[in-house]
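Note sheet for the following structure.
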Amino acid sequence: MSAGRPLPVEDTHCIQNPAVDQRSCVHLSATPESAVSPYACQRRTTLENHNKIFTEALEVLALNSEFSGNQGSCLGFRRAASVLKSLPAALRSPEEALRLPCLGDNSRAVLEEICECGSSSRVEEIQNDQRYRTMKLFCSVFGVGPKTAESWFCRGLKTFEQVLTEPSIRLNRMQTAGFLFYEDISVPVSRAEAAALKMMMEEALLFINPSATVTITGGFRRGKEFGHDVDFIIKAPEGQEDRILPAVIKRFKSQNVLLYSDFQKSTFDLRQLPNHRFEAMDRFSKCFLLVKLQMQESRTGRNWRAVRVDLVAPPLERFPYALLGWTGSTLFERDLRRFARLERGKLLDNHTLYDKTTKTFLPANTEEDIFQHLGLEYIEPWQRNA
Ligand code: DCT
Ligand code: MG
């Protein structure tokens, strides 16, 4: 919960109102067609953002709250930005925002100032703040999260050089790779590069098990042109899922294209109920890789660049839940789960959907089945950019 003025925090909404679909929606105009739901999974959010000037400012505030360990405030600003991203047109006045859900007083104050002055003094102050700038720089390294970044900042470190020459700092394997390939990893991955990586994956699967298939998930499945990594989900024949990723890693190693790998063995249990904590990772077999992608020419003078690749291999029967979870966006997924729990009495995560009333697991062959179980209109992947 935020330390200062309370912001809209998760789960405060509609607890007593099971008919949220109609009643909790806020109307932009008098017609019900323009109602905006407080749940991202009831909004269609494409990549066409008409309110960038506001959403970029709110995202700076969200990141600043995250760096301060203020999760409630961070989520409040992210939700506000997400609502604005879903609008079919730019906000014309701060008064319009009064009719929108998820916009707390702090978010509204920022919108007002931007409408009046063209920018937010609070956002500018944050962007010039040494702590914020240093935390952002450190967190841009693969393997460095806000806690590590903060501990480095609190020791007076402000540059990569200072971190790398500080004798008391011991980098882990991931961070070492992060610094080693920083130049490559900090350049966004293009859709064409993601397609080239998919071909590498397909070649590896053809060698390992020709019945296995691979699908791009994450931002690229939502239509993004660039991403910080490429996310893949593997559909393996029944009972084969736990063998696939170690075999892919072995194949990439033998081809000398693997720069780093962190394989996480499956701890998946058929009978386990969905996890209440959104932040908890799923229990499927997965790996986080740094892969060499062949290129014609490179800024670094080599004929390859390092790219981050995440792979997940769920059991066949759980594929639709995993695909839905790994497609994102993060806020869309968070709201799907929140909606399931608060509005439908169901528990959802990347593994399964559980009905608390009937105490049953609900089967799904497709993502559409999951939306149907939840009584939600189907939202296409390219409309999940919440
Ligand atoms: N995800 C998940 N469990 C994990 C990791 C990710 O459910 N352990 C989900 C959340 C979003 C999606 O997978 C992809 O994650 P990211 O790559 O972090 O997000 P993105 O939307 O693909 O962003 P980018 O385009 O920058 O890669
Ligand atoms: Mg991604």
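The values are calculated or read from the model by the stated rules, or taken from the named source; none is laboratory data. Worth saying up front: this structure is predicted, and the values here are computed from it rather than measured. Because the Cβ atoms are built from the backbone with ideal geometry, glycine has one as well, and the counts that use them run over all protein chains shown.
Quick notes on this one:
- Ile244 being within 21 Å of Phe284 (Cα to Cα) and outside any helix (DSSP H, G or I): no
- Search result, residues across the range 32-83 that are surrounded by fewer than 20 Cβ atoms within 10 Å (Cβ to Cβ) and among the basic types (Lys, Arg): Arg44, Lys52
- Breaking point among (1) touching a residue at least 12 places away in the same chain (Cβ under 8 Å); (2) closer than 19 Å to Leu206 by Cα; (3) basic (Lys, Arg), for Lys250: (1)
- Search result, residues across the range 141-179 that are crowded, with 16+ Cβ neighbours inside 10 Å, aliphatic (A, V, I, L, M) and more than 19 Å from Asp310 (Cβ to Cβ): Ala149, Leu157, Val163, Leu171
Okay, residues lined up against (1) assigned to a helix (DSSP H, G or I); (2) without any contact (Cβ under 8 Å) to a residue 24 or more places away in the chain:
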residue: Ser82; (1), (2): yes, no
residue: Pro88; (1), (2): no, no
residue: Arg92; (1), (2): no, yes
residue: Glu95; (1), (2): yes, yes
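- Search result, residues across the range 197-233 that are more than 16 Å from ligand 1 (Cβ to nearest atom) and in a helix (DSSP H, G or I): Met199, Met200, Glu202, Glu203, Ala204, Leu205, Leu206, Phe207, Ile208
- One residue alone among Glu225, Glu238 is surrounded by fewer than 22 Cβ atoms within 10 Å (Cβ to Cβ) and away from ligand 2 (no atom under 16 Å from the Cβ), and that residue is Glu238.
- Those strands (runs of 3 or more DSSP E) lying entirely in the range 282-367 with at least 2 residues farther than 26 Å from Gly223 by Cα: 346-348, 353-355
- Those residues of the range 287-314 which are closer than 16 Å to Ala204 by Cα, of a type outside the set (Gly, Ala, Ser) and surrounded by 15 or more Cβ atoms within 10 Å (Cβ to Cβ), in sequence order: Cys287, Leu289, Leu290, Val291, Lys292, Leu293, Val309, Asp310, Leu311, Val312
- Tallying residues that are in contact with a strand residue (DSSP E or B) (Cβ under 7 Å, 6 or more places away or on another chain), within 16 Å of ligand 2 (Cβ to nearest atom) and assigned to a loop (DSSP other than H, G, I, E, B) within the range 171-194 yields 1.
- Yes/no for Gly345 being at positive phi, in the same structural domain as Leu206 (by TED's automatic domain parsing) and not polar (S, T, N, Q): no
- Here Thr330 clears all of (1) assigned by TED's automatic domain parsing to the domain that holds Gly223; (2) surrounded by fewer than 17 Cβ atoms within 10 Å (Cβ to Cβ); (3) β-branched (Val, Ile, Thr) except the condition numbered (1).
- Pairs with Cβ under 6 Å, 6+ apart, first in the range 50-75 and under 12 Å from Asn106 (Cβ atoms), second of a type in the set (D, E, K, R) and at pLDDT 95 or above: Ala62/Arg78; Cys74/Glu66
- Qualifying residue in the range 250-269 (condition: closer than 28 Å to Trp382 by Cβ and either surrounded by fewer than 19 Cβ atoms within 10 Å (Cβ to Cβ) or in the same structural domain as Leu289 (by TED's automatic domain parsing) (or both)): no
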